[in-house]
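This report refers to the structure that appears directly beneath it.
The values are calculated or read from the model by the stated rules, or taken from the named source; none is laboratory data. Predicted, not measured: the structure shown is a model, and the values here were computed from it. Neighbour counts run over all protein chains shown; Cβ positions are idealised from the backbone, glycine included. Just so you know, the surface numbers come from the protein's heavy atoms only, side chains and all, with ligands and any DNA or RNA stripped out. Shrake-Rupley method; radii C 1.70, N 1.55, O 1.52, S 1.80 Å.
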There are 2 protein chains.
Amino acid sequence: MKKQTTIRDVARQAGVSVATASRVLNGRDVVNDATRRRVLEVMEDLRYTPSSAARNLSLGRTLTITVVTSFLTRPQAAERLRGIDASLADSQFDLVIYNVESIEKRNQYFRTLPLRQRTDGLIVVSLPPPEEDVARLEHSDVPIVFVDARQNTTTLPRVLGDDVAGGALAAEHLLDLGHRQIGFVGDAFENPFGFTSSKDRFAGFQQTLSRAGIKPISDHIAMGGHGRYEAHELAVVMLSRPSRPTAIFAASDTQALGVLAAAQDLGLHVPDDLSVIGYDDIEASDFVGLTTIRQQLFESGRAGAQLLMAEITERAPTPQMVVLEPHLVRRRTTASLEGGPREP
Amino acid sequence: MKKQTTIRDVARQAGVSVATASRVLNGRDVVNDATRRRVLEVMEDLRYTPSSAARNLSLGRTLTITVVTSFLTRPQAAERLRGIDASLADSQFDLVIYNVESIEKRNQYFRTLPLRQRTDGLIVVSLPPPEEDVARLEHSDVPIVFVDARQNTTTLPRVLGDDVAGGALAAEHLLDLGHRQIGFVGDAFENPFGFTSSKDRFAGFQQTLSRAGIKPISDHIAMGGHGRYEAHELAVVMLSRPSRPTAIFAASDTQALGVLAAAQDLGLHVPDDLSVIGYDDIEASDFVGLTTIRQQLFESGRAGAQLLMAEITERAPTPQMVVLEPHLVRRRTTASLEGGPREP
DNA sequence: GGACTCAATGTAACCGGTTACATGAAACCG
DNA sequence: CGGTTTCATGTAACCGGTTACATTGAGTCC
């Protein structure tokens, strides 16, 4: 491996000083046109490319934006990431990604990442920071933005979906259709990462039902792991009881798909025998015609990145909060309770 | 923003030289135990964290692995990425991601990324490099690995799925079921990014049919955009013809889902009236029970990252090629042609 | 007791950029 | 024509680490 060409090589070859070469490189100061051309030519000849490490060190910036996300593989995360990427594509910043799938990794990253030397900005996606790290994050001199990471005690800028409103939306839709026996399948409230979306969606849902004078029935509330198969099993149990609900709200589309599978297992026809509504609007939902509450995933990433850029360039003093509203996407898995009888 | 603490601050505070502080930092040379403890203590007190930029500059390495991928948002890409991440998680390398969704971006990245100063290794995922950049990439002194990027003229290490074998597998499955009129819905052969997977899958498929003495029927071959809706429309046309096929092989699950929707539109029952087989085994396929050819997506990322690490640490001289075999995943959208009559 | 070894640590150069300040020449001014 | 401004460029310090080599002092050996 031959030694790489440096700006000094360029300067020597072009018969100028490193300062001039650097100026040409950055298109900054006024450099004589002839000189500029000569230097550029030499750079081309030598296939010179500046060392970003050196530049970073000298400039005191890294020109990178770091994203910490959980479960990169879930479609939600990928979509949010894409929003961030889209927003950063035209900037000079590079995107560094840390994927967290364990508590240890999370803790490690929250300790080591928010450092001036490492990155110019940090976007935390779907990963509420543990309480003991919040103060550290707030006092960090690295601009930080949270996306889909609810953290009650922090004042840092963040982008959130209104999960309570979304839960209410789901409940309203089912109520409108005439349902009164409505089940819920969601995540366990307590979970290692401190995700609150399932909990919040349930809250909005429950609240709306209460207002309509409907009391919660514990047999109609089931919580477990986030996966489709867990939801499948929970739903089988719930739907096998004599007093089964006529509709189910699942805290995520993934879980709703499990509920659909359970209905099929039990010979229940959707939506005639059972209405199902999910949450997220992942790609698969469109495939199967799942009625759901859409989150603005791509938009959340974009908004987060934009907040961050504002912080970086303007040192924006007012921490902002952006709330993205969920919307009902009506498809084929929900129907009026009094709908015509199922065709034989 | 206060000035950050440097290794010199640490050294002064601890009453040692920067060299010793650096040695402690790297756990290298033998440092007296008492001294080491003192230095570590000071580092803790000062909340010192080394500047990666400075370290990189000094070491001549960036400690980053760069991934260039196309269409991050597609589930395939995300899954491959996760394989890469899993393989890198325990290394000291950080993951920098570039997402390409346009030809311009692709060209820009291929020109600027493979540079010693920028990264210690490059993984190119699902993005065949344009012919004119191949030589540049081969002569680059940055280790490069291709994942799912077929490039005939290169000898660089790569990980590929055997699309031809996969296409053959699909054909064999349908032949085994007794089908003789088999349609194909795939991507246009010519596409701006030079993707070849659809073409290769078709080749394996066609070859197998030929061996079985089946001649291609142009009405049963349809190609268009990669999307579900494009496939939907193509399938509607194909299936509306008087001599419609009894089975369809779609070059991707996304397209297969479009075919399924088309069948539903036309009142064709799957699998009784029409068998459908896809390719990829994305998450949604499991949901809808789509028979498909599974690619080892996660594994491809992992293998790619491992090849790269081998190159980096051992300067491995032999460019390798890893081929991952596809597998048939049999679900509910394919059935024997002579299967019992459909229940009324 | 002097020469030698060795462990622990310090000094200073170096990585490859950026940039404050200095320099020199040309242009402009009264 | 001397003084001042302006423009183009050079010199050298600096960013914050790493490390080759030098130094120091204690221990060992004959």
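Descriptive notes on the structure:
- Remark: relative contact order (chain A) = 17 percent; criterion is Cα-Cα distance under 8 angstrom and separation of 6 or more residues.
- Neighbours of A:Ile217, meaning other residues whose beta-carbon lies under 12 angstrom from its beta-carbon, give a summed charge of +3 when Lys and Arg score +1 and Asp and Glu score -1.
- In nm, spacing of pseudo-spin labels at B:Arg241 and A:Ala135 (7 Å Cα→C-beta vector): 7.3
- Placing a label point 7 Å from the Cα of A:Glu44 along the Cα-to-Cβ direction, the distances to the matching points in the other copies come to 5.8 nm, shortest first.
- Apolar share of the accessible surface for chain B: 49 percent from carbon plus sulfur atoms, 1.4 Å probe.
- In segment B:171-240, the GluC sites (Glu not before Pro) that fall in loop regions by DSSP, at most 12 other Cβ within 10 Å: B:Glu190
- Between copies, the label points at B:Glu132 (set 7 angstrom from Cα along Cα-to-Cβ) are spaced 5.7 nm, reported in nanometres from shortest to longest.
- Over chain A: helical MRE at 222 nm, DSSP H runs n ≥ 4 each giving -39500 (n - 2.57), nearest 500: -13500 deg cm²/dmol
- Our estimate of slack between A:Leu337 and A:Ser102, defined as 0.36 nm per intervening residue step minus the Cα-Cα distance, is 80.3 nm.
- Crossing angle, helix B:197-211 versus chain B [Cα axis fit, 0-90 degrees, rounded to tens]: 40
- Sequence-separation-based contact order of segment A:62-144, relative, with Cα cut under 8 Å and 6+ spacing, percent: 41
- Segment B:7-50: relative contact order as a whole-number percent, Cα under 8 Å and 6+ apart: 42
- Residues in segment A:40-55 carry Karplus couplings, in order, of 4, 4, 4, 4, 4, 4, 7, 6, 6, 9, x, 7, 5, 4, 5, 4 Hz; the curve used is 6.51 cos²θ - 1.76 cosθ + 1.60 with θ = phi - 60°, and Gly or Pro positions show x.
- When B:Leu63 is represented by a point 7 angstrom out along its Cα-to-C-beta vector, the spacings to that point in the other copies are 2.0 nm, nearest first.
- Placing a pseudo-label 7 Å from each Cα along the Cα-to-Cβ vector at B:Val18 and B:Asp273 gives an inter-label distance of 7.8 nm.
- Around B:Ala251: net Lys/Arg minus Asp/Glu count, Cβ-Cβ under 12 Å: -4
- Placing R0 at 51 angstrom, the Cβ-Cβ distance between A:Thr35 and B:Thr35 gives a FRET efficiency of 0.45 after rounding to 0.05.
- Where Cα atoms sit under 25 Å apart: lysine pairs in the protein assembly as shown separated by 8 or more or lying on different chains: 4
- Segment A:Phe189-A:Leu63, length gained on full extension (0.36 nm per residue, minus Cα span): 41.5 nm
- Part-to-part distance (alpha-carbon centres) for segment B:1-52 and segment A:84-156, which is given in Å: 26
- Surface per residue (accessible, 1.4 Å probe) for chain B, Å²: 45
- Chain-alone versus full-assembly comparison, segment A:117-136, residues with accessible loss of at least 30 Å² (1.4 Å probe): A:Gln117, A:Arg118
- Inter-site label distance for A:Asp45 and B:Gln92 at 7 Å from Cα along Cβ, in nm: 3.8
- Where B meets A: accessible area buried, both sides, 1.4 Å probe, Å²: 3800
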